[in-house]
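Below is one structure, written out as structure tokens; comments come after it.
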Amino acid sequence: MIAEFDEHANWAQVDLKRAKDEGRLVVGLYCGYIPFELIRAAGGIPVSLCGDDQEAIAAAEATLPRNLCPLIKSSYGLAVTDTCPFFHFSDILIGETTCDGKKKTFELLGLLKPTHVMQLPYDRNAPGAGASWLAELRRVAAFMAEHGGVAVTDDALSSEIRVENEIRRKLQRVLAGFRGDVPPLTWQQMLYVRRLHDFLVDRSVYLELLDRLTTVLDGETAVTSETAVTSETLATANPVAMAGPAAVSPRRPRLLITGTPMSPDTNKVMRLAEEAGARVVAHDACSGSKTFDRLADEAGDPWESLARFTLDLPCACMSPNENRLDLLRRTVRDFRVEGVIDVVWQACHTFNVESAVLGGTVRDELGLHYLKIETDYSTADEGQLRTRIEAFVESL
Ligand code: SF4
Ligand code: SF4
């Protein structure tokens, strides 16, 4: 079942090519602050272009500094070598002023494709921040209209908000499985489920897959032994190996993995934690629950609703970022977290500095164990990471 999410992600480029041939506008983006609803309402197809390919980094380093985060370097490397089909098929790009590295890289990407950069306010509660972000939504709608999109109507936007909320509700149902003693799937698997959302031409496929997954998992949760994780239904079509200490340990500490986004190809910390015998029950990054744990308001003005919903996303580029600590407290409580691993991509200053506040809250306020890991996409540090993570899991 999980493999179907992976297969659909692999086939998405074929669907995208077909849609493009039919004249649809393909919009590439790099961030959770860019509302898919708005792109859909403009008749576009949103695709995430965040790079997770280590091989692409060398090409990027011919232009970009080496001490830049791997996510930016990989994204730029894929673009400049034209080796990512999703970048290749993108008609236009929408960037955003989240971190300095991305902001300046969008100037370079703008040399390759028509690019609009949304000016994100850093303090969501500052006077005028909401109005300023709302104006940015209108500006990006105009940009899409200039490049083949349709004019966004209130009705179309409201309708798209309802569809995305429906997806969020279904993802929340899947997520609920992680509250139990023995979740019926792992977060390594959940990364595949979450990722497919970012590459879809036809969302009805995703809605149907989520319904089927929920049905399967509802059956799985009824099984209370460790065999639930390796039962035939999931394991026969499971792209994530379930063997190793995690599958046999009678008592597995419950972990939250927070920090910078990861993908099924850059999830080495998550994998090492599960191989060390921990159970990852929560992942609150943009690759995890952060983008779907809330719903956008379906009543009232859809532009204002979307502006507020997106501005409340607790990324470390926000300052202050009290929403992230609220999310942390909620996640620890709801998923009965016993330890937190904070993953920071090398040279990501915003998340790296914010770790001081986050780690202090985990240790001093919540009384939990905390481990911070700075790493990149390579496997060079895997031996050393394994030792640290095993010691951390042991300490729980
Ligand atoms: S972590 Fe921040 S910059 Fe990165 S995708 Fe999420 S919101 Fe955007
Ligand atoms: S991981 Fe950090 S440095 Fe990299 S793109 Fe995201 S916010 Fe920017």
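Values in this text are rule-based calculations from the coordinates and carry no lab data. All figures in this text were calculated on a predicted structure; none of them were measured in a lab. Don't worry about glycine lacking a Cβ; one is built from the backbone with ideal geometry, like all the others, and counts go over all protein chains shown.
Alpha carbon centre of the range 316-360 versus the range 106-176: separation in Å? Answer, in whole Å: 24. Once you divide the Cα radius of gyration of the range 301-374 by 2.2 N^0.38 Å, the number left is 1.23. Across the range 1-66, the convex hull enclosing all Cα atoms gives 151 Å³ per residue.
As a calculated quantity, the FRET efficiency between R308 and A142 at R0 = 22 Å, using C-beta atoms, amounts to about 0.60. In the range 19-150, what is the count of Lys pairs whose alpha carbons are under 18 Å apart, counting only pairs at least 8 residues apart or on separate chains? Lysine pairs, 8 or more places apart or on different chains, close enough: 8. Note on the chain: with charges restricted to the Cβ of Lys and Arg (+1) and Asp and Glu (-1), its dipole about the Cα centre is near 460 debye. Within the shell of other residues whose beta carbon sits under 15 angstrom from the beta carbon of L78, the net charge comes to -4, with Lys and Arg scored +1 and Asp and Glu -1.
Taking the alpha carbon gyration tensor of the range 44-107, what are the square roots of 5 times its eigenvalues, largest first, to the nearest whole Å?
Details: eigenvalues 66, 43, 16 Å².
After scaling each eigenvalue by five and taking roots: 18, 15, 9 Å.
Between F351, T361, T375, the Cα set farthest toward the positive side of the dipole of the chain (charges on each charged residue's Cβ, about the Cα centre) is that of T361. The chain has equivalent-ellipsoid semi-axes of 32, 24, 22 Å, by the square roots of 5 times the alpha carbon gyration tensor eigenvalues, sorted largest first. Under 17 Å from a label point set 7 Å out along the Cα-to-Cβ vector of T153, the amide N atoms of the range 23-65 belong to 38-44. When +1 charges are put on Lys and Arg Cβ atoms and -1 charges on Asp and Glu Cβ atoms, the dipole computed for the range 332-396 relative to its Cα centre reaches about 120 debye.
Helical content of the chain, expressed as a calculated mean residue ellipticity at 222 nm, amounts to -15000 deg cm²/dmol (DSSP H runs of 4 or more residues, -39,500 (n - 2.57) each, divided by residue number, nearest 500).
Let me make sure I get this right: for the range 19-150, a, b and c are the square roots of the gyration tensor eigenvalues over alpha carbons, sorted descending. Under 1.5 in a/c it's rounded, otherwise prolate if a/b > b/c, else oblate. Which is it?
Values: a/c = 2.33, a/b = 1.19, b/c = 1.96.
It comes out oblate by the Cα gyration axes.
Over the range 88-165, the reciprocal of the mean inverse Cα-Cα separation, the Kirkwood hydrodynamic radius, stands at 14.1 Å. In summary, the lysines within cross-link reach of K268, defined as a Cα separation below 17 angstrom excluding same-chain residues under 8 places away, comprise K372.
Could you tell me the relative contact order of the chain? Use alpha-carbon pairs under 8 Å, at least six residues apart, and round to a whole percent. That works out to 19 percent.
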